[in-house]
Structures are given as structure tokens and as C-alpha cells.
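**Student:** Questions regarding the structure given below will be posed in turn.
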Amino acid sequence: MERWCPVTEWVNLLVGLAMGLNLLALGSSRLPSVIRAMAVQGVVLGLIPVLMEGRFEWLVALMAAVTVLLKGFLIPGLLRRAMRAANIDREIEPLVGYVPSLLLGAGGTIVAVAVTYRLPLLPEHSHTLLVPGSLATIFTGFILLICRVKAISQVCGYLILENGIYLFGLLLVRSTPFLVESGILLDLAVGVFVIGIIVDRIQRAFDSLDTRKLTVLRE
Amino acid sequence: MNPLTISVELIFRLALWLLLAPLLPGIINRVKACVAGRKGPPVLQLYYDLARLWQKSVVMSTLASPGFIVGPAVAWVALTGAALLMPIGTANGALSFKGDVLLLIYLLALARFCTAWAALETGSAFEGMGAAREVSYAVLTEAALIAAVLSLSVQSGSSTLGTMLAPSAGPGAILLAAGLFAVLLAENCRVPFDDPNTHLELTMIHEAMALDHSGPPLAVILHGASMKLLLFAVLLSQAVLPIGKLPQPAAAAVLAGSVLAVTVGVGLVESLMARFAFRRVPLLLTVAFLLCLFALVLAWKGGAQ
């Protein structure tokens, strides 16, 4: 316990919470609750850099605020809007059932935690949960991408995947310029914005958001 | 400590558990009434019910063996024993030894077995159905509880309840809180899993088992259920908050406050959520189990020395 500083403890608590939210995203059968899990995860991850920095810095605080706003409110808002506009029914139809995908996610998390401690990490990172948390979140994102058929739930999977990558990027928070971070955020926002429009088009053209129907060419 | 102090402390502790337990269902009902805009029954309603039931006579089926009476009694004694094992604030359990957490889990399992046994004694298919449901959900809740206890044990490096529950749960605290809260709801047959108010035959679990009991055995079952609720609320509060590290009066106050918060939380969940369909319950319990398992994984690699 003695090498533990309170900052690491708080960061670990938040990463733990993010891992719990992964489970909720995998286990919930309604689109709005997947979107909510993703949004809360975005907010939780947005808060981490402020805690890690220790002292107050304008740039970090601004970055965190933008991340929280974008991932916690703007993107989920866009997705909800797209859902309402396209009149999607809210039940998710999974290719792999909820319990198997939960178990897959849990297995992935355990493997991530076990593997991380074999990696040659810097001593200041080896006691945080950033790496296992990020690997687990990326894995969850993959499962959601592969095992769900609705376009919007796949978008949620993609965003959770991005959350995992963001978590990994926090390892380099001192050396990545914030320009890169803001570029990624902008990309995300534009991506989701475009997907919101595409979802509406898919719904009009195919009367469904089932991505399996998109594999057949039509006139 | 001389024997006199020990016995006085034991009696005080026993009185505390036995007398405070029936308060929790009253508080839950009051919260539900407030949210629904009703006046609701008095907070002390369960005490009146217990007193009334205690004076009534027992109606026994001609098929039932003495197990019909013995089951609830043994279950109640097991739950009281489990309650006495729990540390309160900074004070250790009345009986504290290495590995007492195993005894706690087994006492809870014994209580469940005896309730199910007494339910089967009536020979009615209905009670059998209730018992079957109770036991099949217990498979998952017990796994979650064991994972939670293991994570606490790994985190603190001890298998004594007093030492395990004293510090906070480390990086998995939030996961553990969510998982244990779901276990609390499932074990006490609260709303997303079972509706304690319903008497519709196809939906109830715990109520179905107690349908044929009357008089003092029913009172014992009801009191045992309220004690189990209090036990889980205390376990949840102490597992998540570092109560054992505070000075004694503050610890008692924080414990009382957080038990009250958990109780109000149960009432709010009950007012705001509908009961889940049966096929969805195992999914939710799996999530609870995995949350506790994640807490275990985090304790194993994240925070332990």
C-alpha cells in the first residue's frame, strides 16, 4: 500500500468503473441503455487526465471539458436524434446472445489484466490500471462491433473501441501534443455526425438498420 | 475481557440486530409511499405484524412433518448467527476467528436450504415451484457473493471479516458496490428480481415459499428476511467504505447513515423500476457476478501489495 498515491487510487477507481460500464454495454438489450453506458464511460474517461495531472493546467482542463462535452453529451445526443429520426425500434438483435457476449467480454478483461503484467511497462505505469482497462475496453468494442447487427449499436461499439484507444493514449499524456487529441475528437464528432445521416438513409432505402442486408447489391 | 463484559456485549449486539432489523422494510415501504404520493403504512408496521402473528396459532397440513416448523426456526438461528459474525463499525464480530467469512457464507446457505425445505414439506406444487426458483437464482447470487468476498480477501490479505471489511475495497470499490447491491436485491427478493407485494402465483419467489406458513413460524420467516436485508446492507456498506479506519462514534454514524442510504436506494429502485421478466433475471445476475469478478481481478492485480 505504501507506494500507492491517492491520485493513482482515484484513476484506478475510475478505470474500474469504465470496465464495469463495458459489462453494462454488453449486457443491455436496449439501444438507449447502450448509448447511456457509452456516454457515461466517455465522461468518466474524460475526467481521468485532470486527475492524472495532479495540478491544475488550463490546457488539460480545457481538453477534459471538451472530451466530456463531446463524448458525454454531443455524440450520444446525435445518436439519440438519429434513432428518433429513423424510427428504429429499440430492441437490439444480437448475433451472439447477451450472456455469451458478457462472458466473452469478461474473459477478455481477465486476459487483459493477466497479460498486462507481463508487458515491459514503465515503473510509473505498472501500478495503474490504464493498460488493462484500455485493452478490455478495446476488446468490448470489438465484441459489440462483431456481434450486433444494428448499425447504431455498431457505432456504439466503435465509440467504445475509441474510448479504449483514448485510455491507452493517456499513457503518453505528457508527450502527445493536445493538437493530436483534439484532432481525434473532431474526427469522432464528424464521424458520428455523418453516421447519423447515413443511418437515416439506410433506414429509408432498406426499411431496416440490419447491416446484414447491406451485403446485397441493389439497383 | 472478563466473561461478564463479553456476555453483556453479546446481548447488546443481539438486541441491536433483532430490534433494528424490522425497521428496514418499514423504511422501504415509506420511501415507496412517498414516491407514489401516498401516505403509506407506519414505519413500525412490521413490528405490529410480528406481534400479531406471534399470538396466533399454527395451522399445519396433515402431510407436513415437523420439518415444517423446524425449517424456519433453523433458518432464523442461522441468520442470527451470521449477523453476530458481522463486525459493526470498528468492533469485530461477536465471534471473530480466521476464516469466519466462510462460516458466514455457509450460514446464509443453511438458512436458504431450511426455508426451501420447510416450503417443500407442505407437499404443495406451488411451494415447490417457489423453492425451485429461489434455489436456482441462488446459484448465481452465491457465486457473486463469493467473488465479492474473495476480492475483499485478496485486497486486504486476510480471511477474517473484521480485517477484510475495515479498509475500503480499493480500485474495484464501485464495481463491488454495484455487484453487491444487485446481490442484495436478488437475495432479499426485491424488485427487479421479485416483487415482495405481489401475490400473483406465477411471479413470486420468496412469497410462494411462505404461503402455507402461519402464526409464529411465519413471524420467524418474516423477521429472518428483514434480518437478512439488514445483514446485506451492513455488508455492502462496510465492504465499500473504509468504516473500520474511522474512530468508533464516527464509524457507527457512517455505518448507520450508509445502511439508511442503501435502504432508501432499495425503495427508490422499487418505485422506479419494473420487475424483470424471468428470462432476463439470469442475465442481470450474471452481470452482478461479473462485476464482483472484475473487482476480484482488480484487487488481484491492481491494488494488492
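The values are calculated or read from the model by the stated rules, or taken from the named source; none is laboratory data. The model shown is predicted, which means the values in this text are computed figures rather than measured ones. Heads up, the Cβs are rebuilt from the backbone with ideal geometry, glycines too, and the neighbour counts pull from every protein chain shown.
**Student:** Could you grab me the full set of residues in the range A:54-71 that are farther than 21 Å from residue A:9 by Cβ and either basic (Lys, Arg) or touching a Phe, Trp or Tyr at 6+ places or on another chain (Cβ under 9 Å) (or both)?
**Tutor:** Within the range A:54-71, A:59, A:62, A:63, A:67, A:71 meet the criteria.
**Student:** When you check residue B:233 against the structure, is it surrounded by fewer than 18 Cβ atoms within 10 Å (Cβ to Cβ) and either assigned to a helix (DSSP H, G or I) or touching an Asp or Glu at 6+ places or on another chain (Cβ under 6 Å) (or both), yes or no?
**Tutor:** No: the conditions fail for residue B:233.
**Student:** Which is surrounded by 15 or more Cβ atoms within 10 Å (Cβ to Cβ), at pLDDT 90 or above and not basic (Lys, Arg), of B:50, B:102, B:44, B:19?
**Tutor:** Among B:50, B:102, B:44, B:19, only B:50 is surrounded by 15 or more Cβ atoms within 10 Å (Cβ to Cβ), at pLDDT 90 or above and not basic (Lys, Arg).
Conditions (1) at pLDDT 85 or above; (2) crowded, with 21+ Cβ neighbours inside 10 Å; (3) away from chain B (no Cβ under 14 Å), marked per residue:
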site	(1), (2), (3)
A:10	no, no, no
A:23	yes, yes, no
A:32	yes, no, yes
A:39	yes, yes, yes
A:46	yes, yes, yes
A:52	no, no, yes
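**Student:** Based on this model, can you work out whether residue A:134 counts as surrounded by 13 or more Cβ atoms within 10 Å (Cβ to Cβ), away from chain B (no Cβ under 11 Å) and polar (S, T, N, Q)?
**Tutor:** yes
**Student:** Related question: Specify the residue that is farthest from residue B:128 (Cα to Cα); the eligible residues are those in the range B:17-74 that are among the β-branched types (Val, Ile, Thr), part of a helix (DSSP H, G or I) and within 23 Å of the chain's Cα centre (by Cα).
**Tutor:** Ranking the qualifying residues of the range B:17-74, first place goes to B:31.
**Student:** Here's something else I'd like to know. Looking at B:267, B:224, which is the one that is more than 30 Å from residue B:37 (Cβ to Cβ) and at pLDDT 90 or above?
**Tutor:** B:224
**Student:** While we're looking at this one, here's another question. Hey, can you tell me all the residues within the range A:161-219 that are touching an Asp or Glu at 6+ places or on another chain (Cβ under 8 Å) and at pLDDT below 80?
**Tutor:** Answer for the range A:161-219, where residues must be touching an Asp or Glu at 6+ places or on another chain (Cβ under 8 Å) and at pLDDT below 80: A:173, A:210.
**Student:** Do the conditions hold for residue B:177, that is, is it within 14 Å of chain A (Cβ to nearest Cβ) and not β-branched (Val, Ile, Thr)?
**Tutor:** So residue B:177 passes the test.
**Student:** Can you tell me which of B:259, B:297, B:264, B:269 is more than 10 Å from chain A (Cβ to nearest Cβ) and either crowded, with 19+ Cβ neighbours inside 10 Å or of a type in the set (Lys, Arg) (or both)?
**Tutor:** Sole residue among the options that is more than 10 Å from chain A (Cβ to nearest Cβ) and either crowded, with 19+ Cβ neighbours inside 10 Å or of a type in the set (Lys, Arg) (or both): B:259.
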